[in-house]
2 protein chains.
Amino acid sequence: MRISELSRRSEVPIASIKFYLRDGLLMPGTPTATNQADYGDAHVRRLRLIRALRDVGGLDLARIARITAAIDADRLPPHDVFGVVQRALDPDTEPPDDDAFRAAEADVDRFLDGVGWTVSDGAPARRSLAEALAALRRLGRPVDATVFRRYAEAIEPLAAWEVSVTPTDVDPSEAVERMAVGTVVFERAIVALRRLAHEHFSRARSRPE
Amino acid sequence: MRISELSRRSEVPIASIKFYLRDGLLMPGTPTATNQADYGDAHVRRLRLIRALRDVGGLDLARIARITAAIDADRLPPHDVFGVVQRALDPDTEPPDDDAFRAAEADVDRFLDGVGWTVSDGAPARRSLAEALAALRRLGRPVDATVFRRYAEAIEPLAAWEVSVTPTDVDPSEAVERMAVGTVVFERAIVALRRLAHEHFSRARSRPE
């Protein structure tokens with residue numbers, strides 16, 4: 001199909017498609033004539049992925065590019081699909097360099113040991129959790145990392161189930177795509193469900209029978 | 001204290017403080033001399049709040065401004081603290097205008113009825129959930145909103161507990177602050193915990209005993 005048809009089917013404007021082609025997020029089409037190319041279903045699928053990661057996941061183009069690069073990689077180690085996605089989603093900013101943050105990090109490390117999860121030292125989500133803890137303390141809440149215990153208990157069976165239903169018989173590039181979508185789209189859903197449940201229970205509390 | 005001391009105690013650069021003053025996110029200090037003002041603990045606290053919402057919550061200044069405006073409002077209806085925070089956190093973009101999205105919205109509405117949560121029609125998180133569902137479908141997953149059932153079941157007792165431990169005897173402006181922090185900081189924590197649990201269970205699966 002031509003780029004106009006690709007734009008229609010993917011619901012992505014032609015200008016954005018050209019931009020993604022230039023930046024390598026979208027693989028080139030098959031050249032047919034000067035300045036024209038033929039695109040296929042793989043291109044439609046890729047554009048929908050980019051759109052989902054951007055609009056639903058709120059990812060910036062640099063992070064989307066890391067995910068599409070991993071999908072397009074020829075020799076992706078199957079056992080590292082997980083790490084590839086996590087590092088691609090990492091916000092990629094410098095960690096804070098102060099004592100309060102380092103104390104929060106050490107506290108989070110002890111907490112995760114206590115929960116019994118085996119997690120690599122460099123996992124970006126470790127730092128993310130430490131930042132959340134440091135922020136709570138800076139705001140005057142006298143908490144340690146055990147403030148996350150109930151959250152970990154609620155999330156653990158859900159995450160175990162999610163991993164158990166993830167197919168293992170797909171190739172690494174498809175696995176990266178599924179995992180990236182599953183991570184960001186369901187994060188959005190979890191956040192939304194929590195806010196909806198908050199509204200429900202707040203109402204129930206403010207209007208007792 | 002002077003602005004230099006305020007900057008040191010809040011760990012926010014002076015240029016940013018001046019910016020927040022200009023935009024009304026930070027209340028003015030008490031004028032002491034030409035071009036000088038005196039700041040107090042309330043200013044330190046406000047700057048830490050802004051920093052937490054920005055760095056940990058990833059909120060843009062427009063949304064932070066809506067939260068600080070609600071905190072500063074003289075006559076905030078106590079029963080609407082919840083709605084104020086949710087609307088302030090709303091991404092504020094136009095909803096998609098296509099059949100696929102409207103079908104997803106209707107599906108999410110039915111799902112929430114089934115879950116038994118009482119949620120206002122205009123709750124931004126309803127739309128957020130519909131966007132997540134529409135994205136999954138666009139990516140070729142043949143799902144309806146019941147794909148969120150396990151997530152709702154995991155989140156429900158957690159959200160009920162969170163609401164139950166939220167103090168009711170604080171004034172509305174403090175309630176807005178607590179709720180905004182609790183919503184965005186623990187969202188970040190939940191997302192991080194889920195990613196950490198994914199790593200743990202993925203490892204456990206790929207290296208069976």
Worksheet item: Would a scan of the stretch A:94-113 turn up a residue that is at the interface with another protein chain (Cβ under 8 Å from one of its Cβ atoms), part of a loop (DSSP other than H, G, I, E, B) and not polar (S, T, N, Q)?
Response: yes
Worksheet item: Only one of A:111, A:82 is among the aromatic types (Phe, Trp, Tyr) and either within 20 Å of residue B:11 (Cβ to Cβ) or modelled with pLDDT of 95 or more (or both); which?
Response: A:111
Discussion item. Please go through the stretch B:157-181 and give me each residue that is under 27 Å from residue B:114 (Cβ atoms) and out of contact with any Phe, Trp or Tyr (no Cβ under 8 Å at 6 or more places or on another chain), ordered by number.
Written reply: B:157, B:161, B:166
Fill in: Counted residues, the stretch A:114-141 - those being more than 21 Å from residue B:206 (Cβ to Cβ) and either among the acidic types (Asp, Glu) or within 7 Å of chain B (Cβ to nearest Cβ) (or both)
8
Discussion item. Being at the interface with chain A (Cβ under 7 Å from one of its Cβ atoms) and hydrophobic (A, V, I, L, M, F, W, C) is true for just one of B:145, B:159. Which residue is that?
Written reply: B:159
Discussion item. I'd like to check which helices (runs of 4 or more DSSP H) are fully inside the stretch B:1-93 and have at least 3 residues that are of a type in the set (A, V, I, L, M).
Written reply: B:14-23, B:41-51, B:61-72, B:81-89
Worksheet item: Taking the stretch A:149-197, which residues are among the basic types (Lys, Arg) and without any contact (Cβ under 8 Å) to a residue 24 or more places away in the chain?
Response: A:150, A:178, A:194, A:195
Discussion item. Among the residues of the stretch B:125-134, are any modelled with pLDDT under 90, among the basic types (Lys, Arg) and in a helix (DSSP H, G or I)?
Written reply: no
Worksheet item: In this structure, is residue B:202 out of contact with any Pro (no Cβ under 7 Å at 6 or more places or on another chain) and facing chain A (nearest Cβ under 9 Å)?
Response: yes
Item to complete: Return the only residue of A:170, A:185, A:181 being more than 7 Å from chain B (Cβ to nearest Cβ) and either in contact with a Lys or Arg (Cβ under 8 Å, 6 or more places away or on another chain) or closer than 24 Å to residue A:56 by Cα (or both).
Response: A:170
Worksheet item: Is there a residue in the stretch B:172-184 that is more than 18 Å from the chain's Cα centre (by Cα), of a type outside the set (Lys, Arg) and over 20 Å from residue A:133 (Cα atoms)?
Response: no
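The values are calculated or read from the model by the stated rules, or taken from the named source; none is laboratory data. On a predicted model such as this, the values are computed, not experimentally measured, just so you know. When we count neighbours, we look across all protein chains shown, and the Cβ atoms used for this are built from the backbone with ideal geometry, even at glycine.
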